[in-house]
Amino acid sequence: MDPILLLIIVVVGGVIVAGLVYAGMKDDSETDPLQDRLAMFEDREIPQSLEEIELSLSFQDRVLLPILRAIAGATTRLTPQKQLEDARHKIDLAGMSWEPSMFFASRLLLMVAFVILAFLVAFVFSTSTSAGTGILYMIGGAGVGYILPELLIRSKIRRRQENILRALPDALDLLVICVEAGLGFDMAMGKVYEKWDNDLAVAFGRILREIQLGKLRRDALRDMASRMDVPDVTAFTAAVIQADQLGVSMGRILRVQSDQMRVKRRQRAQEKAHQAPVKMMIPMVLLIFPSIWIVLLGPSIIILMNTNVPI
């Protein structure tokens with residue numbers, strides 16, 4: 001087995017697969033590349049042909065995205081509706097604009113890529129690998145390719161929920177200031193959306209757009225809570241909906257919620273501070289203590305070895 005050739009094949013295959021997956025994860029819900037190109041050429045005197053404009057697009061938009069979308073269309077017809085709905089919910093929790101079909105297509109693509117790589121490593125570049133071991137490599141590669149998109153989604157969900165938890169107390173403070181200054185709750189959410197650029201502000205902006213399209217505010221708030229799956233946000237939306245239905249002062253409810261969120265954030269910080277010594281024990285025992293013993297006792301052991309003293 002030539003290790004250099006193996007490394008080249010693995011790197012090229014990884015780059016191709018990563019390009020396809022990245023093309024599917026690209027957030028293209030806001031802009032259309034073809035429309036952007038048309039806008040660039042609209043001021044020219046000589047109009048450009050559609051073929052020429054399409055050729056001016058990037059390789060990702062012309063080749064990678066159509067391939068991934070074709071695979072996504074094939075996987076959608078074979079995937080149960082329940083799994084598509086579960087995948088859509090996870091994508092909403094992650095705050096991504098990925099279609100569920102693209103998610104399953106990336107899984108299929110990564111599974112095939114890792115199976116091919118495992119086959120090359122086990123049977124093409126190695127002559128000593130048995131058939132059973134090679135099949136195990138291929139099964140393991142298929143499992144890794146199947147799990148990777150799921151791990152990516154879970155990581156993005158966790159980071160998004162942490163960002164929302166950190167931003168919620170400050171957002172509630174701004175809501176309290178705006179409401180007590182005389183603004184309505186919807187206008188206060190608009191101020192949060194204008195001032196900040198984080199996941200919570202984007203969610204508020206989506207609520208405002210849904211309300212403008214005719215959706216009830218309580219339904220929009222419930223949908224936002226379901227898309228985040230954060231207990232603090234769920235409690236906040238429930239309090240706002242209850243205050244709206246019972247006619248309670250919105251400023252007072254927001255003030256109470258703001259105080260509670262700050263207390264919870266302080267408690268979470270204290271909890272992490274108490275967990276820090278326990279987490280520090282692992283690197284101290286495995287890395288720091290052995291290094292200290294080597295530095296302290298190493299010279300003594302070398303001296304004793306040179307003096308022929310039995311250790």
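What is the extension gain from residue 135 to residue 202, computed as 0.36 nm multiplied by their sequence separation minus the C-alpha to C-alpha distance, in nm to one decimal?
Working it through step by step, the gained length comes to 19.4 nm.
Which residues in the range 199-231 place their backbone N less than 12 Å from a point set 7 Å from the Cα of residue 264 along the Cα-to-Cβ direction?
Only 229-231 pass the distance filter.
Packing-wise, with mean Cβ within 10 Å as the measure, how do 286-295, 228-237, 135-144 rank, highest first?
So the peptides 286-295, 228-237, 135-144, ranked by packing, come out 228-237, 135-144, 286-295.
In what sequence, highest mean first, do 161-170, 209-218 appear when ranked by Cβ atoms within 10 angstrom? Mind showing how you got there, number by number?
Values: 161-170: 17.5, 209-218: 12.4.
With the highest mean Cβ count within 10 Å placed first, the list reads 161-170, 209-218.
At 37 °C and 0.692 mPa s, grab the translational diffusion coefficient of the range 260-311 from Stokes-Einstein with a Kirkwood Rh over Cα pairs, rounded to a whole number in µm² per second.
228
Please list, in order, the residues from the range 74-111 whose amide nitrogen is less than 20 Å from a point placed 7 Å along the Cα→Cβ vector of residue 147.
Under cut-off, by backbone N: 87, 103-111.
Taking the square root of 5 times each eigenvalue of the Cα gyration tensor, what semi-axes in Å does the equivalent ellipsoid of the range 82-214 have, largest first?
They are 48, 14, 9 Å, listed largest first.
Taking 0.36 nm per intervening residue step and subtracting the Cα-Cα distance, what contour gain separates residue 229 from residue 282 on full extension? It would help to have the intermediate numbers written out before the result.
Details: separation 53, 0.36 × 53 = 19.08 nm, distance 3.18 nm.
Once the chain is fully extended between residue 229 and residue 282, it gains 15.9 nm.
What are the ³J(HN,Hα) values, in whole Hz, obtained from phi via the Karplus relation 6.51 cos²θ - 1.76 cosθ + 1.60 with θ = phi - 60°, for each residue of the range 111-118 in sequence order, with x given for Gly and Pro?
4, 5, 5, 6, 5, 5, 4, 5
Readers should treat all values here as calculations from the given coordinates under stated rules, not as data from a laboratory. Just so it is clear, the model here is predicted, and its values are computed rather than measured. Methodologically, a virtual Cβ is constructed for each residue, glycine included, from the backbone with ideal geometry; neighbour enumeration extends over all protein chains shown.
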